[in-house]
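Read-outs throughout are calculated quantities, based only on the coordinates presented, and are distinct from any laboratory measurement. The model shown is predicted, which means the values in this text are computed figures rather than measured ones. Reconstructed Cβ throughout: ideal geometry from the backbone, glycine too, with neighbour counts over all protein chains shown.
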Amino acid sequence: MAMKGSTERLILIIGAFVMIIGMPAVIIAAIALGYIPLQDALSTNPLVIIPYAFVKIGWGIIWAVVAVDWVVHGSHGMRRILGELVKSEKGRKALDIIINAVMIITGIVMFYVLVFVP
């Protein structure tokens, strides 16, 4: 049930590119298109301005993908921390199943809420 290490790394690398390159590009585009005043972009918490910028330029579904990426990233971090505490192979398999289930359910719910709920 566990993902291959190479698949996990690929997901994290893609997510990193989205976060490092995509988020600033969207905020710059929203400022350039006049959806967000520069002063607001500079003085607002990034956790507020980033989703607002995505929605304002019509990329709400991309924001949903970014949010799901945050879930995946956090789940992998949680797996690493808890994996240090679990010593048995059986316990690690159970941990992988639980973390994967949490990641999948949370990702689906977050994507649904961000895309389909007004």
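Okay, residues lined up against (1) touching a Phe, Trp or Tyr at 6+ places or on another chain (Cβ under 6 Å); (2) not aliphatic (A, V, I, L, M):
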site	(1), (2)
THR44	no, yes
ILE49	no, no
VAL68	yes, no
HIS76	no, yes
LYS90	no, yes
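Restricting to the range 64-82, give me the number of residues that are more than 13 Å from the chain's Cα centre (by Cα) and either surrounded by 15 or more Cβ atoms within 10 Å (Cβ to Cβ) or of a type outside the set (Lys, Arg) (or both).
Result for the range 64-82: 4.
Specify which of the listed residues (ALA41, ALA25) is touching a helix residue (DSSP H, G or I) at 6+ places or on another chain (Cβ under 8 Å) and aliphatic (A, V, I, L, M).
Going through ALA41, ALA25 in turn, the sole match is ALA41.
Just need a number here: residues in the range 64-99 that are assigned to a helix (DSSP H, G or I) and over 30 Å from VAL26 (Cα atoms).
18
Please state which of the following conditions ILE27 fails to meet, knowing it meets all the rest: (1) in contact with a Leu (Cβ under 8 Å, 6 or more places away or on another chain); (2) farther than 18 Å from LEU12 by Cβ.
Only one criterion in (1) in contact with a Leu (Cβ under 8 Å, 6 or more places away or on another chain); (2) farther than 18 Å from LEU12 by Cβ is unmet by ILE27, namely (1).
Tell me the residue from ILE61, ILE11, ILE27, ILE50 that is without any contact (Cβ under 8 Å) to a residue 60 or more places away in the chain, surrounded by fewer than 18 Cβ atoms within 10 Å (Cβ to Cβ) and either basic (Lys, Arg) or assigned to a helix (DSSP H, G or I) (or both), please. So that I can check it myself, show each step before the final result.
Values: ILE11 fails: without any contact (Cβ under 8 Å) to a residue 60 or more places away in the chain; ILE27 fails: surrounded by fewer than 18 Cβ atoms within 10 Å (Cβ to Cβ); ILE50 fails: surrounded by fewer than 18 Cβ atoms within 10 Å (Cβ to Cβ).
Of the residues listed, the single one that is without any contact (Cβ under 8 Å) to a residue 60 or more places away in the chain, surrounded by fewer than 18 Cβ atoms within 10 Å (Cβ to Cβ) and either basic (Lys, Arg) or assigned to a helix (DSSP H, G or I) (or both) is ILE61.
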